[in-house]
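*Asks:* Once you've had a glance at the structure underneath, I'll fire off some questions.
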Amino acid sequence: MDRIRIVGGPPLEGTIRISGAKNAALPLMIASLLTSETLTLENVPNLADVGMLLRILGHHGVDHSVDGRKPGAAPEASRPIHLSARRIVDTTAPYELVRKMRASFWVIAPLLARMGEAKVSLPGGCAIGTRPVDLLIMVLEKLGATIEIEAGYVHAFARNGLVGAEITFPKVTVGGTHTALMAASLAKGHTRLVNAAREPEVVDLADCLVKMGARIKGAGQAVVEIEGVASLSGASHTVLSDRIEAGTYALAAAMAGGDVLLDGARADLLQSALDVIEKAGAEISVTNEGVRVRRNGSGIDPVDVTTAPFPGFPTDLQAQLMALMTKAKGTSRITETIFENRFMHVQELARLGARIQLHGDLAVVEGVEELQGAPVMATDLRASVSLVIAALAARGETIVHRVYHLDRGFEHLEQKLSGCGAIVERLSEPA
């Protein structure tokens with residue numbers, strides 16, 4: 001397995017291009033199962049999770065092709081993917097595929113809506129919590145599906161098609177909202193979603209479905225109305241920029257100091273995070289190209305943050321913010337309300353000299369004068385990049401192990417950071 005070596009100290013100076021959002025690309029790719037025509041997605045990030053989902057979709061009969069880079073494009077430039085589910089060859093998603101990526105469970109919605117039947121393995125365990133699928137199953141049952149759970153599989157039937165309904169979510173769920181949007185688009189009649197997720201990635205999926213012929217109103221609001229149609233067509237859609245990647249590099253710039261332009265970042269997608277970063281002492285400015293983050297070497301101020309669904313502070317930036325707070329001038333409090341077990345990075349940050357105490361869902365971070373480089377172990381996607389952020393400001397060398405977690409969600413991380421002056425390189429794990 002590869003490792004990443006980081007030598008802390010240099011400030012970040014330059015431009016980082018923000019990739020397409022992984023959390024938008026995955027449900028958009030799954031939506032290709034809803035139509036027999038070709039769905040073209042632009043700005044798809046080149047990530048391990050994208051490659052894995054292409055293999056999973058291929059199992060169901062989806063053909064895909066990837067365009068070459070345009071002349072003069074940067075090596076890390078995202079490329080268009082063409083997806084064609086002209087014929088579904090298998091409505092079963094086996095455990096050996098689903099266990100590798102939880103989001104693949106979402107194939108149950110388009111398979112059921114289009115084919116009248118789907119059999120999908122329950123996802124395996126997750127490093128940051130159970131992430132139950134009960135709300136996704138509730139959506140399908142509300143739309144008229146018969147659900148049987150046996151031997152680790154969810155078997156859904158709707159031989160006469162799905163039927164629109166009113167669905168009230170007991171709590172905000174991105175996966176449940178994705179499932180409802182896809183399934184209800186091909187259901188008979190009207191569907192009303194109450195307490196729907198408002199995340200930009202949900203809006204991006206709805207926008208794409210509308211281009212495919214779906215009738216959806218209110219995406220991005222708590223109440224969404226969907227009028228089912230008989231079939232969907234192909235379309236072309238550009239994946240929105242990755243707000244989590246943008247927030248991550250903004251926090252990295254605040255940690256290391258310097259002046260970084262996040263090319264393509266959209267401030268409206270991460271305003272709550274930018275407000276926190278600014279409160280911590282960085283200077284944020286919005287330009288025509290994206291978002292600029294500067295910190296001139298002055299200290300980092302402590303902040304108190306509670307994660308919340310959009311438009312609140314994202315849980316996917318909690319670990320990165322904690323890394324920044326390890327060097328704050330005072331004590332910070334970070335409360336995690338979305339996922340249990342999402343403080344697994346704490347013990348690894350402590351190896352770098354961080355002082356963090358956990359009290360249930362609350363982390364109390366006492367800033368220190370200096371972090372010291374050390375070997376550390378990535379435990380999940382966001383935790384792994386928090387270690388990179390901390391290492392950028394640590395004295396000496398840090399080696400981050402298990403970087404395959406990073407490859408799931410960050411496109412060309414080493415190149416993007418080293419292009420701004422960081423000392424970062426990938427090493428092959430010794431045999």
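*Asks:* If you add up the charges near Thr335, with Lys and Arg at +1 and Asp and Glu at -1, over every other residue whose beta carbon is less than 9 angstrom from its beta carbon, what do you get?
*Replies:* Charge balance in the 9 Å sphere: -2.
*Asks:* Note down, for the chain, the three equivalent ellipsoid semi-axes (square root of 5 times each alpha carbon gyration tensor eigenvalue), biggest first, whole angstrom.
*Replies:* Gyration-tensor ellipsoid for the chain: 38, 22, 20 Å.
*Asks:* Would you list which lysines come within 16 Å of Lys327, measuring only between C-alpha atoms, while excluding same-chain residues fewer than 8 positions from it?
*Replies:* Lys279
*Asks:* Of Pro311, Pro170, Pro200, which is the most mobile in a GNM of the chain whose springs link Cα atoms less than 10 angstrom apart?
*Replies:* Pro170
*Asks:* Oh, and also: Please enumerate, by chain and number, the aspartates and glutamates with C-alpha under 17 Å from the C-alpha of Lys217, excluding those fewer than 8 residues away in the same chain.
*Replies:* Glu166, Glu199, Glu201, Asp204, Asp207, Glu225, Glu227
*Asks:* I want the antiparallel fraction of DSSP beta bridges within the stretch 347-417, as a percent rounded to 5.
*Replies:* 50 percent
*Asks:* In deg cm²/dmol, rounded to 500, what helix-only [θ] at 222 nm does the chain give when every DSSP H run of at least 4 residues adds -39500 (n - 2.57) and the total is split over its residues?
*Replies:* That calculation yields -8500 deg cm²/dmol at 222 nm.
*Asks:* To make sure I understand, if each residue's beta carbon is the centre and we count other beta carbons within 10 Å, what order do Ser65, Ser32 fall in, fewest to most?
*Replies:* Ser65, Ser32
*Asks:* Count neighbours as other Cβ atoms within 10 Å of each site's Cβ, and list the trypsin sites (Lys or Arg not before Pro) in the stretch 155-228 that are DSSP loop with at most 11 such neighbours.
*Replies:* Qualifying residues, ordered by number: Arg159, Lys171.
*Asks:* Once the principal axes of the Cα atoms of the stretch 22-238 are found, what is the range along each, listed largest first in whole angstroms?
*Replies:* The principal-axis extents, from largest down, are 50, 37, 35 Å.
*Asks:* Taking only the alpha carbons of the stretch 137-203, what extent do you get along each of the three principal axes, in Å, biggest first?
*Replies:* Here the Cα extents, ordered largest to smallest, are 34, 29, 19 Å.
*Asks:* Could you compute the FRET efficiency for Arg159 and Lys329, with r as their C-beta to C-beta distance and R0 at 51 Å, rounded to 0.05?
*Replies:* Taking R0 as 51 Å, the efficiency between Arg159 and Lys329 is 0.20.
Quick note: the coordinates plus some simple rules give every number you see, no bench work behind them. Quick caveat, the model's predicted, so the values are computed rather than measured. Cβ coordinates were reconstructed from backbone atoms using ideal geometry, including for glycine residues, and neighbour counts include every protein chain displayed.
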